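Here is the structure we will look at, set down as structure tokens.
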Amino acid sequence: MILQSTMPQPIPLRFKVDDYYKMIELGMLEDYERAEIIEGELIRKVPIGEKHSAIVEKLAETLREKLGKSVSLRNQQPIKFSDYNEPQPDLAILHRRDDFYFYEKPVPNDVLLLIEVSDATLKYDRDTKLTLYAEAEIPEVWIVNLQHDIIEVHQKPNSGIYQLAKIFKRGETVISEVLPHLNLEVNEILI
């Protein structure tokens, strides 16, 4: 016979996004700029390597050139999905607003396309963040997969899963379904 313990058991604490910022304001948390909130958990961001950083900057510059002022572009900034989710994608292309989201953070309805540059975080980006993005119905997500030197394009979210996934290799052109005038050579992205 196995006896169940009547002793209290450890349980994880979930934080709301607003609680997180209150803890920062009160000085309870440090180094907050390198964390994101996923399912109420504080996830420390992995340090970014030189290749990752260079590709994010190159992409940001290229996207600004190609899209101009028709959209807003955010680089590693939070997007509030819910009370318990505030991811920080590498790049977010948003509907343009005159106030540049000064009064409130962008929410899923503001997002046109998200881009994650993935090397050491590929499994996390695919298994955790991509599911979160599909559940939030982000219309299109690109994963710049540095491990395999490809671009993955995920489209048509439904019931927490992207229904369409395309792989683009060097020598091919990625064309956005959400922003049809946006097309980039894979070689241009991967450097």
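The values are calculated or read from the model by the stated rules, or taken from the named source; none is laboratory data. In this text, all values refer to a predicted model and were calculated from it rather than measured experimentally. We place every Cβ from the backbone using ideal geometry, glycine too, and count neighbours over all the protein chains shown.
Determine whether segment 99-111 contains at least one residue that is closer than 19 Å to residue 185 by Cα, at pLDDT 95 or above and under 17 Å from the mean Cα position of the chain (by Cα). Reasoning before the result, please.
Narrowing segment 99-111 to residues closer than 19 Å to residue 185 by Cα: none.
Taking every residue of segment 99-111 in turn, none turns out to be closer than 19 Å to residue 185 by Cα, at pLDDT 95 or above and under 17 Å from the mean Cα position of the chain (by Cα).
Pick from 39, 61: which is farther than 30 Å from residue 185 by Cβ, of a type in the set (Asp, Glu) and within 20 Å of the chain's Cα centre (by Cα)?
Every option except 39 fails the conditions.
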Here the qualifying pairs (Cβ atoms under 6 Å; residues six or more apart or on different chains; first in segment 92-112 and without any contact (Cβ under 8 Å) to a residue 60 or more places away in the chain; second among the basic types (Lys, Arg) and part of a strand (DSSP E or B)) come out as 92/74
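In segment 53-75, how many residues are outside any helix (DSSP H, G or I) and touching a strand residue (DSSP E or B) at 6+ places or on another chain (Cβ under 8 Å)?
Of the residues in segment 53-75, the ones outside any helix (DSSP H, G or I) are 68-75.
So of that shortlist, the ones also touching a strand residue (DSSP E or B) at 6+ places or on another chain (Cβ under 8 Å) come out as 71-75.
Within segment 53-75, residues that are outside any helix (DSSP H, G or I) and touching a strand residue (DSSP E or B) at 6+ places or on another chain (Cβ under 8 Å) number 5.
Can you name every residue in segment 83-98 that is of a type in the set (Val, Ile, Thr) and at pLDDT below 95?
Here is the first cut: in segment 83-98, the residues of a type in the set (Val, Ile, Thr) are 93.
None; the set is empty.
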Pairs returned, first residue in segment 43-62 that is over 22 Å from residue 123 (Cα atoms), second residue that is surrounded by fewer than 17 Cβ atoms within 10 Å (Cβ to Cβ) and of a type in the set (D, E, K, R), beta-carbon separation under 9 angstrom, 6 or more apart or interchain, are 58/188; 62/188
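What residue, among those in segment 137-162 that are part of a loop (DSSP other than H, G, I, E, B) and among the aliphatic types (A, V, I, L, M), is farthest from residue 54 (Cα to Cα)?
Pass one, segment 137-162, residues part of a loop (DSSP other than H, G, I, E, B): 137-139, 146-149, 159-160.
With the extra rule that they be among the aliphatic types (A, V, I, L, M), the set shrinks to 138, 146.
Numbers: 138: 25, 146: 12 Å.
Top of the filtered list is 138.
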* Does residue 128 fit the bill of being under 21 Å from residue 56 (Cα atoms), exposed (fewer than 13 other Cβ atoms within 10 Å of the Cβ) and among the polar types (S, T, N, Q)? -> no
Of those in segment 171-180 that are closer than 19 Å to residue 145 by Cβ and exposed (fewer than 14 other Cβ atoms within 10 Å of the Cβ), the residue farthest from the chain's Cα centre (by Cα) is 171
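Within segment 134-162, take every residue that is on the phi > 0 side of the Ramachandran plot and charged (D, E, K, R) and give me the one that is farthest from the chain's Cα centre (by Cα). First the steps, then the outcome.
At the first step, the residues of segment 134-162 found to be on the phi > 0 side of the Ramachandran plot are 137, 149, 156, 159-160.
Filter once more, so that each one left must be charged (D, E, K, R): 137, 149, 156.
Details: 137: 13, 149: 19, 156: 17 Å.
The residue in question is 149.
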Considering residues that are in a loop (DSSP other than H, G, I, E, B), over 22 Å from residue 44 (Cβ atoms) and either touching an Asp or Glu at 6+ places or on another chain (Cβ under 7 Å) or not acidic (Asp, Glu) (or both), the number found within segment 101-135 is 5
Of the residues in segment 181-191, those that are surrounded by 14 or more Cβ atoms within 10 Å (Cβ to Cβ) and either within 18 Å of the chain's Cα centre (by Cα) or part of a loop (DSSP other than H, G, I, E, B) (or both) come to 182, 189
If we ask which residues in segment 163-180 are farther than 21 Å from residue 135 by Cα and assigned to a strand (DSSP E or B), their number turns out to be 5
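Say we look at segment 50-107 and pick out the residues that are among the aliphatic types (A, V, I, L, M) and in contact with a helix residue (DSSP H, G or I) (Cβ under 8 Å, 6 or more places away or on another chain); which of these is surrounded by the fewest Cβ atoms within 10 Å (Cβ to Cβ)?
Filtering segment 50-107 for residues among the aliphatic types (A, V, I, L, M) gives 54-56, 59-60, 63, 67, 71, 73, 79, 91-94, 107.
Filter once more, so that each one left must be in contact with a helix residue (DSSP H, G or I) (Cβ under 8 Å, 6 or more places away or on another chain): 55, 59, 73, 79, 91, 93-94.
Details: 55: 21, 59: 22, 73: 17, 79: 24, 91: 21, 93: 25, 94: 21.
Selected residue: 73.
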